[in-house]
Amino acid sequence: MGSIEVPQSSLFSNLPAIPPDEPFSVNAAYHKDPHPKKVNLGIGVYRTSEGHPWPLRVVEDAEKTIYETKDHSRHEYLSIQGDQVFLHLAANLVFKLDPKTTKERISSIQTVSGTGANRLGAEFLSRYINPKPQNVWIPDPTWANHHTIWQFAGTSSSSASNPSINIKTYPYYDPKTGGFNYTETMAKLVSEAKKNDIIILHACAHNPTGADPSIEQWENIAQLCKDKNLIPFFDLAYQGFASGDIDKDGWAIRHFFEMDLEFCVAQSFSKNFGLYGQRVGALHVVTRASSEITGVSIGHAGGSATAEDVLATLCHLVRGEYSMAPRGGAEIVRTVLGNSGLRKKWVEDLQTMSTRILRMRRALYEELVRLGTPGDWTHILKQIGMFTYVGLSESQVSAIRERHHIYMLKSGRISISGLNESNVRHVAMGIDDVVRTVS
């Protein structure tokens, strides 16, 4: 008799259980729901008053221009750095600088949207900034992917038992006021943050709370970073989309630049151009005016590096990941930002989106006041951007989905863009119901 062959288990049978990404799972649940009055407040995308996607008018104009140009090289490889015209325009949008200053202090590289920029920046800092292990301070709460990105950072050069990055959090949100918890944030960083620690900052329209620091608070945070030699890392996903004013939404970054700080900016064009699926982004690494980065060693004596050295290192990391970013969406952004007429139309589109979101904030607030819903709802008006922590508990979020088919994250984060004139009363009544009946 021949021996009985025992089936071998799969090489992948011991993979860890990974929970599904919440915004996308909420979105999937919404689409499966057949109820006629269902409302999707979970996914972070802009919607019109009719609840439909909105390709920006200016993007459609740019797409037509690109098509009519018939550029025979439009499908060729980019350089590893990316589309350099796009990068210059993208950096100027953030920093509003003359070309000489930009070249001397800022290294820019095209990325796979803002997620790719965050990931590349995390890998760069975790590998080349000392001492190790290094702390990264992440706001609590924050965009959930920040945690995933920094959990991955540096793992290829360190073991799980001896990580190069320690993730710490600072108390960003104050549920009592619905605003930024400035006092506790500053106290935490003053007492515990150390030289060359990284601090993640949302440049505007904080995700998920919609609560931003004031100008005075930004100034104090910048001074703290300078005094303690911290490394700010800005996530810039909503410039122009938050307030309708490009300069206002970029103010904090420009102030940190003027303070001669060294820092990173992860820039996304998903929200402010409506290019969610095109994955258009850039990472900007800012060095001091003296072109020195404390603690960085990239083959140079003394641990200093020029902006060119930084760029070369970023390109090396990109080459081993995905070689280069996609060019299609970047061409759209480049076409718009490089043409005065199209750029003006883009600003008008930004104001259309931001104004509608502000109007929906006001409408939700007024409906809750009209209903006499228990609690103070003024935080809805004070917060800014696409998202708001509406103030519901996890059990209330579960109840509002079951009873009223209103979908949001379990934290109570809602996407204001999912509201419109036809559903805002239904949403307010649902909130009123669960606040009164569910603890």
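A quick yes/no check of all residues on (1) among the small types (G, A, S); (2) open to solvent by 10 Å² or more (accessible area, probe 1.4 Å); (3) touching a His at 6+ places or on another chain (Cβ under 7 Å):
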site	(1), (2), (3)
G178	yes, no, yes
A187	yes, yes, no
V190	no, yes, no
L224	no, yes, no
F256	no, no, no
Q267	no, no, yes
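Just checking, does the range 417-427 include any residue being in contact with a Leu (Cβ under 6 Å, 6 or more places away or on another chain), in contact (Cβ under 8 Å) with a residue 24 or more places away in the chain and in a helix (DSSP H, G or I)?
yes
Tell me the residue from P133, P175 that is modelled with pLDDT under 95 and under 19 Å from D212 (Cβ atoms), please.
Every option except P175 fails the conditions.
Filter the range 103-149 for residues that are among the charged types (D, E, K, R) and outside any strand (DSSP E or B) and give the result.
Residues satisfying the conditions are K103, E104, R105, R119, E123, R127, K132.
What are the residues in the range 53-93 that are of a type in the set (D, E, K, R) and either surrounded by 13 or more Cβ atoms within 10 Å (Cβ to Cβ) or in a helix (DSSP H, G or I) (or both), if any?
Scanning the range 53-93 gives R57, E60, D61, E63, K64, E68, D83.
Give the residue, chosen from Q239, Q267, that is touching a residue at least 40 places away in the same chain (Cβ under 8 Å), assigned to a loop (DSSP other than H, G, I, E, B), closer than 17 Å to L87 by Cβ and not basic (K, R).
Within the list Q239, Q267, the selection yields Q239.
Would you confirm whether or not the range 351-366 contains a residue that is under 30 Å from I66 (Cα atoms), in contact with a Ser or Thr (Cβ under 9 Å, 6 or more places away or on another chain) and among the aliphatic types (A, V, I, L, M)?
yes
Give, as residue ranges, the helices (runs of 4 or more DSSP H) completely inside the range 312-405 that count at least 1 residues that are free of Cβ contacts under 8 Å to residues at least 12 places away in the same chain.
340-371, 394-404
Are any residues in the range 327-360 surrounded by fewer than 17 Cβ atoms within 10 Å (Cβ to Cβ) and touching a strand residue (DSSP E or B) at 6+ places or on another chain (Cβ under 9 Å), and if so, which ones?
G328
Which residues, counting only those in the range 21-52, are open to solvent by 50 Å² or more (accessible area, probe 1.4 Å), touching a residue at least 60 places away in the same chain (Cβ under 8 Å) and not charged (D, E, K, R)?
H35
Going residue by residue through the range 166-175, is there one that turns out to be part of a helix (DSSP H, G or I) and either in contact with a Pro (Cβ under 7 Å, 6 or more places away or on another chain) or without any contact (Cβ under 8 Å) to a residue 24 or more places away in the chain (or both)?
No: the range 166-175 contains no residue that is part of a helix (DSSP H, G or I) and either in contact with a Pro (Cβ under 7 Å, 6 or more places away or on another chain) or without any contact (Cβ under 8 Å) to a residue 24 or more places away in the chain (or both).
The values are calculated or read from the model by the stated rules, or taken from the named source; none is laboratory data. Note that the structure is predicted; figures quoted are calculated from it, not measured. Note: ideal-geometry Cβ built from the backbone for every residue, glycine included; neighbour counts use all protein chains shown. Each accessible area value is taken on the protein alone, full model and side chains, heavy atoms only, with ligands, DNA and RNA left out. Shrake-Rupley method; radii C 1.70, N 1.55, O 1.52, S 1.80 Å.
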